[in-house]
Amino acid sequence: MPLETWNLTSLTELFASDPEALGDVDVSIVETGDVIRVTLKERGDLDVLVAPGGDQILASVILAPAESIPNRAAFDRMVLSTHKLVPLSTFGIVTIDGEEWYELFGSLSARARAEEMVEEVAVLAANAVDAANMIEDWKKRETAR
């Protein structure tokens, strides 16, 4: 049964309840107080940031500093051309402390069932690992040119 809407407290409780699909996790509220950090220990301590806001929940994984990507124009074109192949996730650029970073994110209704919320985070985490590997492959290939 879906909640009225998810909030920081109910999302923290959900992810701290150790859902099987996520494995061993740590859950904390980040310093800003409006985002939850779900650290997936079995995925190399991958941090998924979860932010409730109005009618949707945003989940995001920070991937790499934009300045670390060689041939960024070609990389951006490749990402935009292939993003449909990444289920439930979208590439984006976010500014953190004045620096641009690539991120992978997904959003879900704030009225989604608990199972859907956990699935979104699990799929996003799997996609983020694949995206990080793709970025490393891109860097190697472009540096070798």
Checklist entry - Given 0.36 nm per residue, what is the gain on full extension from Thr12 to Asp26 after removing their alpha carbon distance, in nm? => result 4.0 nm
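Expected output is a single nm value to one decimal: the length gained when fully extending between Ala74 and Thr39, i.e. 0.36 nm times separation in residues minus the C-alpha distance. What is it? The partial results should precede the final answer.
Values: separation 35, 0.36 × 35 = 12.60 nm, distance 3.15 nm.
Gain on stretching Ala74 to Thr39: 9.5 nm.
Can you give the Rg to Rh ratio for region 16-95, taking only C-alpha atoms and Rh from Kirkwood? All intermediate terms of the calculation are to be shown ahead of the outcome.
On the way: Rg = 14.9 Å, Rh = 14.7 Å.
So for region 16-95, dividing Rg by the Kirkwood Rh gives 1.01.
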Item to check | Label-point gap, in nm, between Glu142 and Ser81 - each point 7 angstrom along Cα→Cβ | outcome: 1.4 nm
Item to check | Residue of Ile135, Ile96, Ile69 that the Gaussian network model of the chain assigns the largest fluctuation, springs spanning Cα pairs under 10 Å | outcome: Ile96
Checklist entry - Using θ = phi - 60° and the Karplus form 6.51 cos²θ - 1.76 cosθ + 1.60, what ³J(HN,Hα) does each residue of region 51-66 get, whole Hz, x for Gly and Pro? => result 10, x, x, x, 8, 9, 10, 9, 10, 9, 10, 7, 9, 6, x, 4
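Considering Cα pairs under 8 angstrom that are at least six residues apart, work out the relative contact order of the chain and quote it in whole percent. Before the final figure, lay out each step's value.
Working: 233 pairs, mean separation 35.3, N = 145.
RCO, the chain: 24 percent.
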Item to check | Taking only Cα atoms of region 8-144, radius of gyration then Dmax in Å | outcome: 15.3, 48
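Among the GluC sites (Glu not before Pro) within region 15-59, which fall in a DSSP loop and have no more than 12 other Cβ atoms within 10 Å of their own Cβ? Show your work: numbers first, answer last.
Details: sites: Glu20, Glu31, Glu42; in loops: Glu31.
Answer in residue order: Glu31.
Every number in this text was worked out from the coordinates using simple rules, so none of it is lab data. Note that the structure is a prediction, hence the values are computed from the model and not measured. Every residue, glycine as well, gets a Cβ built from its backbone with ideal geometry; the counts of neighbours run over all protein chains shown.
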